[in-house]
Amino acid sequence: MKKTLLVFCLAFLFTGCASTAARAQTGNDIFGYYSIDGKAPAAFADINVIHLAGSYGAEQTPSVHGMIRPKKGRDFPLLKPVLNGKNISFTTKTVGGISYKFTGTFVKFPNNEQQEGVILRGVLQKFKGKTKIAEANVRFNYDAGD
């Protein structure tokens, strides 16, 4: 039993270290505001912007990872995003019974200046409880913010 627990703990630590190493290896800060490119799919039309807090949020106490900000209503705080090379994934906290999950790839990393065109693309999912109620391939434009 103790050996199994030790192996599990070591595997968990290695996975966390690999994720952190991948983040450090890219040397890119993902901080910024990402808006859906073009007309948003109907199930996601209420999303104003996805904010990724990047290294700025990681330095806060407690850490802030970002949020999905709807056009109306409460924000959906992000749980810790996983950045592995150019790939990113995250889920949100549940708000009013709804949560989101995103898995995608940076076409290019932001450089903290206004950039033209799509910078991030992937699959966005919406859940009511544990039931997936919507899924769409989405593309995001970038805004560095103020």
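Scanning the stretch 65-91 for residues that are within 16 Å of PHE44 (Cα to Cα) and polar (S, T, N, Q) returns a single hit, THR91.
Among the residues of the stretch 57-72, which ones are of a type outside the set (Lys, Arg) and either under 19 Å from ARG139 (Cα atoms) or surrounded by 12 or more Cβ atoms within 10 Å (Cβ to Cβ) (or both)?
Residues of the stretch 57-72 of a type outside the set (Lys, Arg): 57-68, 70.
If the condition is that a residue be of a type outside the set (Lys, Arg) and either under 19 Å from ARG139 (Cα atoms) or surrounded by 12 or more Cβ atoms within 10 Å (Cβ to Cβ) (or both), then GLY57, ALA58, VAL64, HIS65, GLY66, MET67, ILE68, PRO70 are the ones that fit.
Among LYS108, LYS126, which is open to solvent by 80 Å² or more (accessible area, probe 1.4 Å) and either assigned to a strand (DSSP E or B) or not aromatic (Phe, Trp, Tyr) (or both)?
Details: LYS126 fails: open to solvent by 80 Å² or more (accessible area, probe 1.4 Å).
So the residue among LYS108, LYS126 that is open to solvent by 80 Å² or more (accessible area, probe 1.4 Å) and either assigned to a strand (DSSP E or B) or not aromatic (Phe, Trp, Tyr) (or both) is LYS108.
Residues in the stretch 44-73 that are outside any loop (DSSP other than H, G, I, E, B), at pLDDT 95 or above and hydrophobic (A, V, I, L, M, F, W, C): 7 in all. Quick one: is SER89 part of a loop (DSSP other than H, G, I, E, B) and either open to solvent by 80 Å² or more (accessible area, probe 1.4 Å) or farther than 17 Å from ASP143 by Cβ (or both)? No, not satisfied.
The values are calculated or read from the model by the stated rules, or taken from the named source; none is laboratory data. This structure is a prediction, so every number in the text was calculated from the model and none was measured. Positions of Cβ are generated from backbone atoms using ideal geometry, with glycine treated the same way; all protein chains shown enter the neighbour counts. Just so you know, the surface numbers come from the protein's heavy atoms only, side chains and all, with ligands and any DNA or RNA stripped out. Shrake-Rupley method; radii C 1.70, N 1.55, O 1.52, S 1.80 Å.
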